[in-house]
Amino acid sequence: MANVVVVGAQWGDEGKGKIVDWLSERADVIARFQGGHNAGHTLVIDGQVYKLNALPSGVVRGGKLSVIGNGVVLDPWHLVGEIAKIREQGVEISAETLMIAENTPLILPFHGELDRAREEAAATGTKIGTTGRGIGPCYEDKVGRRAIRVADLADRATLEARVDRALTHHNALRAGLGLEPVDRDGLIAQLEEIAPEILQYAAPVWKVLTEKRKAGKRILFEGAQGSLLDIDFGTYPFVTSSNVIAGQAATGVGIGPGSVDYVLGIVKAYTTRVGAGPFPTELEDETGERLGTRGREFGTVTGRKRRCGWFDAALVRQTCAISGINGIALTKLDVLDGFETLKICVGYELDGERLDYLPTASDQQARCTPIYEEMPGWSESTEGARSWADLPANAIKYVRHIEELIDCPVALLSTSPERDDTILVTDPFAD
Ligand code: IMP
């Protein structure tokens with residue numbers, strides 16, 4: 001039985017929600033392994049729209065186990081609110097269907113405050129454009145060994161000691177930013193109140209997943225954000241604070257790297273990015289506007305307009321290699337319908353030399369200019385296509401050329417937000 005990791009192969013918002021939902025049907029367990037409620041996954045099932053941030057996409061399908069792994073940072077109040085909303089839509093959630101790793105760090109209100117205060121204080125050009133949800137400050141606390149984790153909620157004395165340790169650090173930081181010290185007793189009271197709501201789902205996830213694997217159950221590892229936002233391999237410092245790439249699936253739940261059988265990269269047929277940072281193929285013109293309007297490119301978490309540009313094959317080839325992507329799901333091909341000519345970036349020119357990858361140094365990234373290949377577009381609609389025969393010849397050529405340039409085959413092709421509007425080439429779960 002195969003276990004599949006799904007990762008975004010660009011800057012996030014590649015359309016993972018639909019693909020993960022499509023694969024969820026074939027999986028027994030769906031596990032989130034990084035990120036937090038900075039993610040926004042929209043699922044459309046039988047015309048009903050579900051919006052998820054922290055919950056794994058599998059929760060909307062009955063009979064599956066959804067797992068929040070230790071690689072995630074969890075805002076307990078947000079999670080409880082999200083569970084309440086999804087229950088109102090008729091979805092059942094219980095300790096049988098949802099598990100949270102006991103070693104998951106908690107996002108507390110002061111993390112969000114710090115995130116926002118830092119962004120406000122940052123000079124123009126240095127703002128990251130975070131979602132303001134405390135993701136970065138919480139990961140900092142995890143690595144700084146002062147995080148409060150799910151298991152700490154079970155014991156008052158431990159909780160107090162952990163809060164005191166965290167506040168020694170945070171109150172000093174807050175003073176520097178002109179923020180009031182945190183109300184320690186108020187925070188402990190808030191945590192004690194939310195504790196039973198979270199603890200009912202707490203479990204040794206590594207153990208449960210090992211047992212599931214031995215029993216031949218299929219696990220789907222659901223990534224959030226995209227590889228170019230990875231803390232190590234992304235466009236640093238304009239990145240998120242977790243490892244987003246496929247290697248994180250193992251450490252983010254506590255399962256061996258050999259447990260992963262297939263890595264599926266989600267790739268949009270053009271490129272978008274929310275927040276600040278380098279974006280070599282960005283189009284700040286009518287064409288970019290057209291992509292944004294046709295693709296409805298607005299952030300699901302912050303509502304911000306996404307920056308849009310041509311497909312960057314050099315970057316996707318890079319992220320396919322870093323995550324060991326076996327096949328891609330190409331999404332939103334229909335957004336390109338009606339363009340007379342399409343451009344694909346195949347490399348960069350840097351100081352008179354040609355590069356086939358984006359260099360790491362920021363100053364070099366800024367000086368890189370894309371080298372484009374042009375392809376004829378198509379006037380026919382590809383929306384809702386369910387077989388290759390439904391696609392115009394030039395659309396097929398575009399897809400085939402992308403495969404060649406990124407050195408990775410297309411496993412799935414998505415042609416609308418509806419789950420059945422998908423062309424299947426390779427089933428990632430096939431034995
Ligand atoms: P943070 O993850 O809130 O710290 O934000 C860091 C960067 O990652 C910002 O540029 C955000 O816009 C971006 N980001 C975080 N989550 C997502 C996502 O789910 N999709 C796209 N961009 C994201």
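The values are calculated or read from the model by the stated rules, or taken from the named source; none is laboratory data. Bear in mind the structure is a predicted one, so any value in this text is a computation, not a measurement. Every residue, glycine as well, gets a Cβ built from its backbone with ideal geometry; the counts of neighbours run over all protein chains shown. Accessible surface is based on the protein model in full, side chains and every heavy atom, while ligands, DNA and RNA are left aside. Shrake-Rupley method; radii C 1.70, N 1.55, O 1.52, S 1.80 Å.
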Checklist line | Members of the range 308-322 found to be of a type in the set (D, E, K, R) and crowded, with 23+ Cβ neighbours inside 10 Å, listed by number | finding: ASP312
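Look through the range 31-52, keep the residues that are open to solvent by 30 Å² or more (accessible area, probe 1.4 Å) and within 14 Å of the ligand (Cβ to nearest atom), and return whichever of them is nearest to SER94 (Cα to Cα). Please lay out each step first, then the result.
The initial filter retains those residues of the range 31-52 that are open to solvent by 30 Å² or more (accessible area, probe 1.4 Å), namely 42, 44, 46-49, 51.
Next, from what is left, pick out any that are within 14 Å of the ligand (Cβ to nearest atom): 42, 51.
Details: THR42: 22, LYS51: 19 Å.
Applying the filter and picking the extreme gives LYS51.
Give me the residue from the range 369-385 that is among the charged types (D, E, K, R) and in contact with a Ser or Thr (Cβ under 7 Å, 6 or more places away or on another chain) and, out of that set, farthest from GLU282 (Cα to Cα).
Initially, the range 369-385 is screened for residues among the charged types (D, E, K, R), giving 373-374, 380, 383.
From what is left, the residues that are in contact with a Ser or Thr (Cβ under 7 Å, 6 or more places away or on another chain) are 374, 383.
On the way: GLU374: 16, GLU383: 24 Å.
Here the answer is GLU383.
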Notebook entry, point to check: Which condition does ARG116 not pass, out of (1) under 23 Å from ILE194 (Cβ atoms); (2) in contact with a helix residue (DSSP H, G or I) (Cβ under 9 Å, 6 or more places away or on another chain); (3) open to solvent by 30 Å² or more (accessible area, probe 1.4 Å), if it passes all the others?
Noted result: (2)
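Applying the selection to the range 268-283, what residues are in contact (Cβ under 8 Å) with a residue 40 or more places away in the chain and more than 14 Å from the ligand (Cβ to nearest atom)? Step through it out loud before you land on a result.
Taking the range 268-283 and keeping what is in contact (Cβ under 8 Å) with a residue 40 or more places away in the chain, we get 268-281.
Matches in the range 268-283: ALA269, TYR270, PRO280, THR281.
Could you list, in sequence order, all residues of the range 53-66 that are within 16 Å of THR97 (Cβ to Cβ) and either out of contact with any Lys or Arg (no Cβ under 7 Å at 6 or more places or on another chain) or open to solvent by 30 Å² or more (accessible area, probe 1.4 Å) (or both)?
First, pick out the residues of the range 53-66 that are within 16 Å of THR97 (Cβ to Cβ): 54-66.
ALA54, LEU55, SER57, VAL59, VAL60, ARG61, GLY62, GLY63, LYS64, LEU65, SER66 - these are the residues of the range 53-66 that are within 16 Å of THR97 (Cβ to Cβ) and either out of contact with any Lys or Arg (no Cβ under 7 Å at 6 or more places or on another chain) or open to solvent by 30 Å² or more (accessible area, probe 1.4 Å) (or both).
From the list VAL274, VAL253, VAL239, VAL205, which one is touching an Asp or Glu at 6+ places or on another chain (Cβ under 8 Å), crowded, with 20+ Cβ neighbours inside 10 Å, within 24 Å of LEU98 (Cβ to Cβ) and of a type outside the set (S, T, N, Q)? Break it down into steps so the answer makes sense when it comes.
On the way: VAL274 fails: within 24 Å of LEU98 (Cβ to Cβ); VAL253 fails: touching an Asp or Glu at 6+ places or on another chain (Cβ under 8 Å); VAL239 fails: within 24 Å of LEU98 (Cβ to Cβ).
Only one candidate qualifies: VAL205.
Condition (residue is part of a helix (DSSP H, G or I), surrounded by 15 or more Cβ atoms within 10 Å (Cβ to Cβ) and within 23 Å of the chain's Cα centre (by Cα)) applied to the range 323-330: is it met by at least one residue?
The initial filter retains those residues of the range 323-330 that are part of a helix (DSSP H, G or I), namely 323.
If we keep only those that are surrounded by 15 or more Cβ atoms within 10 Å (Cβ to Cβ) too, we end up with 323.
Applying the additional criterion that residues be within 23 Å of the chain's Cα centre (by Cα) yields 323.
Checking the range 323-330: at least one residue is part of a helix (DSSP H, G or I), surrounded by 15 or more Cβ atoms within 10 Å (Cβ to Cβ) and within 23 Å of the chain's Cα centre (by Cα).
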Note to self: Need the failing condition index for SER416 against (1) surrounded by 14 or more Cβ atoms within 10 Å (Cβ to Cβ); (2) touching a residue at least 60 places away in the same chain (Cβ under 8 Å); (3) in contact with a Lys or Arg (Cβ under 8 Å, 6 or more places away or on another chain), just the number.
What the structure shows: (3)
Checklist line | Among the candidates GLY352, GLY292, GLY309, residue that is at pLDDT 95 or above, under 21 Å from VAL7 (Cα atoms) and of a type outside the set (Val, Ile, Thr) | finding: GLY309
Notebook entry, point to check: Among the residues of the range 363-395, how many are open to solvent by 30 Å² or more (accessible area, probe 1.4 Å), free of Cβ contacts under 8 Å to residues at least 60 places away in the same chain and in a strand (DSSP E or B)?
Noted result: 4
Note to self: For the range 284-307, give me each residue that is open to solvent by less than 10 Å² (accessible area, probe 1.4 Å), away from the ligand (no atom under 13 Å from the Cβ) and not in a helix (DSSP H, G or I).
What the structure shows: GLY295
Item checked: Count of the range 130-168 residues which are of a type in the set (S, T, N, Q), crowded, with 22+ Cβ neighbours inside 10 Å and more than 16 Å from the ligand (Cβ to nearest atom) -> 0
Item checked: Flag for GLY347 being more than 15 Å from the ligand (Cβ to nearest atom) and assigned to a loop (DSSP other than H, G, I, E, B) -> no
